[in-house]
Amino acid sequence: MKIGVLALQGDFHEHITMLSRIGVETAEVRLPEHLDGLDGLVIPGGESTTIGKLATDFDLLEPLRKFAAEKAIWGTCAGAIFLSKDVHRQQPLLHLMDIVVERNAFGRQIASFEIDLEIPVLKEVAPGGGPYHAVFIRAPLIASISGGAHALASLEDGRIVAAQQGRMLATAFHPELTGDDRFHRYFLHLAAGQS
Ligand code: GLN
């Protein structure tokens, strides 16, 4: 199993550290040819406009879409924005997931916060696991879901913060910034084609 992390901008190092810790071979992806031989790709948090612009400059948009048609792909925060089909703003997107995302949805006051979430699907990789401690940093919300996507986690008021569509995952929060590797292991489970 070899997982790539899009390394154009943002906190790709943290994903690499987490994946290495759970024993997975990793590769930094900056060019289309770096996608060869990977079983899955993580798109990190950062600034989605910058990631989109650099991906356009490096001719990565079409190769990433092709990759997602065959392999697992997961966007955290800015990465989730980049995977979405619409953000109601002009910026390069992959348009891969049937989710509409609202950027910086939590405003200034609570631009960053941490909260425990119930994420039932994590039981597939950790049957006895409790709530998931999620870190939000100038986070987006998944404002609506359609087509093949479904919600994996919501805040208490029902607003969606994680979604899945086939082997694609979007999380508004940052599992790579916690010590909890359950989300990374769930992604590996998708990349291995077990779900
Ligand atoms: N606010 C950023 C954006 O809109 C995302 C923040 C993050 O990735 N932590 O792209």
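The values are calculated or read from the model by the stated rules, or taken from the named source; none is laboratory data. Model, not experiment: these values are computed from the prediction. Don't worry about glycine lacking a Cβ; one is built from the backbone with ideal geometry, like all the others, and counts go over all protein chains shown.
With the structure loaded, tell me whether PHE58 is farther than 25 Å from ALA27 by Cα, surrounded by 12 or more Cβ atoms within 10 Å (Cβ to Cβ), among the aromatic types (Phe, Trp, Tyr) and in contact (Cβ under 8 Å) with a residue 24 or more places away in the chain or whether it fails that test. Against the criterion (farther than 25 Å from ALA27 by Cα, surrounded by 12 or more Cβ atoms within 10 Å (Cβ to Cβ), among the aromatic types (Phe, Trp, Tyr) and in contact (Cβ under 8 Å) with a residue 24 or more places away in the chain), PHE58 does not qualify.
When you look at LEU190, is it out of contact with any Ser or Thr (no Cβ under 8 Å at 6 or more places or on another chain), within 16 Å of the ligand (Cβ to nearest atom), hydrophobic (A, V, I, L, M, F, W, C) and under 23 Å from MET18 (Cβ atoms), yes or no? For LEU190, the condition - out of contact with any Ser or Thr (no Cβ under 8 Å at 6 or more places or on another chain), within 16 Å of the ligand (Cβ to nearest atom), hydrophobic (A, V, I, L, M, F, W, C) and under 23 Å from MET18 (Cβ atoms) - is not met.
Only one residue in ARG21, ARG30 is modelled with pLDDT of 95 or more and under 16 Å from HIS174 (Cβ atoms), so which one is that? Let's see the steps before the verdict.
Values: ARG30 fails: under 16 Å from HIS174 (Cβ atoms).
The unique qualifying residue is ARG21.
Within segment 110-136, the set of residues being within 16 Å of the ligand (Cβ to nearest atom), among the aliphatic types (A, V, I, L, M) and either at pLDDT below 95 or surrounded by fewer than 16 Cβ atoms within 10 Å (Cβ to Cβ) (or both) comprises ILE110, ALA111, ILE115. Could you check, for segment 82-100, whether at least one of its residues is touching a residue at least 60 places away in the same chain (Cβ under 8 Å) and within 13 Å of the ligand (Cβ to nearest atom)? Yes: one or more hits. Within segment 137-152, the only residue that satisfies the criterion of being within 16 Å of the ligand (Cβ to nearest atom) and on the phi > 0 side of the Ramachandran plot is ARG138. Every condition in (1) on the phi > 0 side of the Ramachandran plot; (2) in contact (Cβ under 8 Å) with a residue 12 or more places away in the chain holds for GLY23 except the one numbered (2).
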